[in-house]
């Protein structure tokens, strides 16, 4: 089920421009699709191992309520990216629209989704996330016959308050995600671009056993060697953009720097 990603993988974020219905929507669907395809091709050509297409520009996000126009637009964009590259493509629909992301991935030919709120509760930017989605999501996957689509679950996710689960250690989050059917877990800092806590990452890796662990925020060229000591791969967005700002265009120099820093890590792993 899991896409076969090599050790020391780089997973690049493709931030689709604001989609129809979003407050910041301004571009035609043709241009939104083309920009996503151009970014995807640039990252694949540079040596990235996988991509995640996300509606990051749609802020402020609807929580657990992907609307029809978002699902339709994401399906179009993801399908175009899948057809444009020869590496695995994943889907995330903000916020917490995990069953919608699964449906998009299934129809568009993507290989995995990044899932918020698979287990436990939290308070996100969008409000209270009261119910974990694993039971519904995995039933949807079975109903759709989409068993080949992997679920990468964020644990103790960024942009959220976790006071509700303050008595849970990182290992509890990882064990919960594994028990409820996650195929991989994603560990983040407190917000977009924020480095992960080293002890939390190490604890997640110990608890995950054979389940892949990915870093979901704050990776930089100079931190890759340390992160790859515990993680199968890193998901990179902000660090690839002009001035390190997620909403800017790709910066070719930053993209090359990330790949250049990754390559010796991978070579050392295979030595």
Subset tally (residues that are over 17 Å from residue 6 (Cα atoms) and either out of contact with any strand residue (DSSP E or B) (no Cβ under 8 Å at 6 or more places or on another chain) or part of a helix (DSSP H, G or I) (or both)) for the range 181-208 = 18
Criterion (part of a loop (DSSP other than H, G, I, E, B) and either closer than 15 Å to residue 78 by Cα or under 18 Å from the mean Cα position of the chain (by Cα) (or both)) met by exactly one of 24, 17 = 17
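Listed here are the residues, each with its yes/no results for (1) exposed (fewer than 15 other Cβ atoms within 10 Å of the Cβ); (2) touching a helix residue (DSSP H, G or I) at 6+ places or on another chain (Cβ under 8 Å); (3) part of a loop (DSSP other than H, G, I, E, B).
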{"position": "234", "(1), (2), (3)": "no, yes, no"}
{"position": "256", "(1), (2), (3)": "yes, yes, no"}
{"position": "260", "(1), (2), (3)": "yes, yes, no"}
{"position": "263", "(1), (2), (3)": "yes, no, no"}
{"position": "266", "(1), (2), (3)": "no, no, no"}
Residue in the range 162-171 that is under 25 Å from residue 15 (Cα atoms) and touching a strand residue (DSSP E or B) at 6+ places or on another chain (Cβ under 9 Å) present = no
key: Positions within the range 35-84 being at negative phi, surrounded by 19 or more Cβ atoms within 10 Å (Cβ to Cβ) and assigned to a loop (DSSP other than H, G, I, E, B), in sequence order   = 48, 49, 55, 61, 66
query = In the range 95-108, is there at least one residue being closer than 21 Å to residue 13 by Cβ, touching a residue at least 60 places away in the same chain (Cβ under 8 Å) and in contact with a helix residue (DSSP H, G or I) (Cβ under 9 Å, 6 or more places away or on another chain)?
reply = no
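Would you mind finding the one in 175, 230 that is buried (at least 16 other Cβ atoms within 10 Å of the Cβ), free of Cβ contacts under 8 Å to residues at least 60 places away in the same chain and closer than 17 Å to residue 8 by Cβ?
Among 175, 230, only 230 is buried (at least 16 other Cβ atoms within 10 Å of the Cβ), free of Cβ contacts under 8 Å to residues at least 60 places away in the same chain and closer than 17 Å to residue 8 by Cβ.
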message = From the list 124, 99, exactly one residue is surrounded by fewer than 24 Cβ atoms within 10 Å (Cβ to Cβ) and at pLDDT below 95. Which is it?
response = 124
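Residues are listed down the side, and each one gets a yes or a no for (1) within 19 Å of the chain's Cα centre (by Cα); (2) surrounded by fewer than 18 Cβ atoms within 10 Å (Cβ to Cβ); (3) modelled with pLDDT under 95; (4) in a helix (DSSP H, G or I):
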| site | (1), (2), (3), (4) |
| --- | --- |
| 114 | yes, no, no, no |
| 140 | no, yes, no, yes |
| 153 | yes, no, no, no |
| 157 | yes, no, yes, no |
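The values are calculated or read from the model by the stated rules, or taken from the named source; none is laboratory data. Predicted, not measured: the structure shown is a model, and the values here were computed from it. Glycine gets a Cβ as well: all are built from the backbone with ideal geometry, and neighbour counts include every protein chain shown.
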